[in-house]
1. Going by the conditions given, is E50 at pLDDT 85 or above, more than 46 Å from the chain's Cα centre (by Cα) and among the acidic types (D, E)?
2. Only residues that are touching a residue at least 60 places away in the same chain (Cβ under 8 Å) and crowded, with 22+ Cβ neighbours inside 10 Å: list them for segment 189-202, please.
3. List the number of the failed condition for D250; all other conditions in (1) in contact with a Phe, Trp or Tyr (Cβ under 8 Å, 6 or more places away or on another chain); (2) at pLDDT 85 or above hold.
4. Would you say A295 is of a type outside the set (D, E, K, R), under 32 Å from the mean Cα position of the chain (by Cα), surrounded by 19 or more Cβ atoms within 10 Å (Cβ to Cβ) and at pLDDT below 70?
5. What do you reckon, is E89 in a helix (DSSP H, G or I), modelled with pLDDT under 85 and surrounded by fewer than 11 Cβ atoms within 10 Å (Cβ to Cβ)?
6. Return yes or no: is A318 under 30 Å from S201 (Cβ atoms), touching a helix residue (DSSP H, G or I) at 6+ places or on another chain (Cβ under 9 Å) and at pLDDT 75 or above?
7. Going by the conditions given, is A205 surrounded by 14 or more Cβ atoms within 10 Å (Cβ to Cβ) and modelled with pLDDT of 90 or more?
8. I need a count of the residues in segment 171-198 that are assigned to a helix (DSSP H, G or I), within 25 Å of H146 (Cα to Cα) and among the β-branched types (V, I, T).
Amino acid sequence: MFAVNEGRLSEPPARLGETELGLYRWVARNGKMDAGLAAIELGLTPGALEAALASLTDLGLLRANADDPARLRPVDPDLVAAVVTTSMESAIRTHQAELHRTREQFADLRDHYRENLRRLPAGFEVIPGPQEVRAALTLAAQECKHEMLTSQPGGNRNPEVLQEALPRDTAMLARDVRIRTLYHHTARFNGPSQAYVATLSAHGAQYRTRHELFGRLIAFDRRLAFIPERGDTWGALMIREPSVVSYLCDVFEQEWTQATPFSDAATDGLELVAKDIDRTILRLLATGMKDATLARRIGMSLRTARKHIADIMETLGAESRFQAGVLAARQGLLDEESLHTASAD
């Protein structure tokens, strides 16, 4: 299990288990190793005893007796620890030196990067990829003192992303930072989102939902904001320009006042929530909106949105989307203004 060769550790030592510890204590108490008697008194099977002996001898805690090589005697654990920890400390020092050199190298590049930023409009910075975005968000969260505002479109949030955000958000709440988040209504059907909201709400975070959201936004202290980079790059645009950040926060506030407190769909009644979603889909269809755009607006996958559309048309007995709008209006499911907008298109 362990190997100590010429004072160097071939691999980091695992923690000794209760069997190994118990066997070492037995040998130290008796002054020598007697496999048969030890197995009986410790209640160990031959296999378990053999494995424990191998661990202790490989590590150097038990050593063959010079007068009787068939017997083992205990070795001072302080001496073994000195061998083990010396090699470990040496490895740690090496890694720390490498870490220091790496940080210095990246620090040397900082001035060149700042020179590049001067070519961009003041107050704007492109964060290129998901790992860099996560690092930037973590740093911004650590520096946040008063408030974080978040708009998170999409009904199905990645459990891994939520797990990563949990300690970051919990730490902010512990510092009395106010957290408010907007989700799509469809998030109320998502188990990981429900669990996350329940956990953070207990610590003081606030969550609301809407059928439509303006887009993804994370803002800290109304001084720093992140929005998605254009395209499917998974990057972000970091904004410090005061007027733009203020504008984005104002948009969030308008959405917040019209949103409803987060609750899972079962609590509100699945049928009621489903009808509410169908009314939103009908209204967007009446404007002539394409399926892909509609799906993004309500936080659904394209496949799920098209299934809803097909189910709605079948329920209404409509052969076209415009006819679906007319029939929905007659049944009081769609206001006349939305229908006139569709007709004009």
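1. On the way: at pLDDT 85 or above: yes; more than 46 Å from the chain's Cα centre (by Cα): no; among the acidic types (D, E): yes.
No.
2. The one that is touching a residue at least 60 places away in the same chain (Cβ under 8 Å) and crowded, with 22+ Cβ neighbours inside 10 Å: V197.
3. Every listed condition holds for D250 apart from (1).
4. Numbers: of a type outside the set (D, E, K, R): yes; under 32 Å from the mean Cα position of the chain (by Cα): yes; surrounded by 19 or more Cβ atoms within 10 Å (Cβ to Cβ): yes; at pLDDT below 70: no.
Spelling it out, it is not the case that A295 is of a type outside the set (D, E, K, R), under 32 Å from the mean Cα position of the chain (by Cα), surrounded by 19 or more Cβ atoms within 10 Å (Cβ to Cβ) and at pLDDT below 70.
5. Yes: the conditions hold for E89.
6. It is false that A318 is under 30 Å from S201 (Cβ atoms), touching a helix residue (DSSP H, G or I) at 6+ places or on another chain (Cβ under 9 Å) and at pLDDT 75 or above.
7. Details: surrounded by 14 or more Cβ atoms within 10 Å (Cβ to Cβ): yes; modelled with pLDDT of 90 or more: yes.
It is true that A205 is surrounded by 14 or more Cβ atoms within 10 Å (Cβ to Cβ) and modelled with pLDDT of 90 or more.
8. Residues flagged as assigned to a helix (DSSP H, G or I), within 25 Å of H146 (Cα to Cα) and among the β-branched types (V, I, T) within segment 171-198 amount to 1.
The values are calculated or read from the model by the stated rules, or taken from the named source; none is laboratory data. Note that this is a predicted model, so its numbers are computed, not measured. Ideal geometry is used to build each Cβ from the backbone, glycine not excepted, and the neighbour counts take in all protein chains shown.
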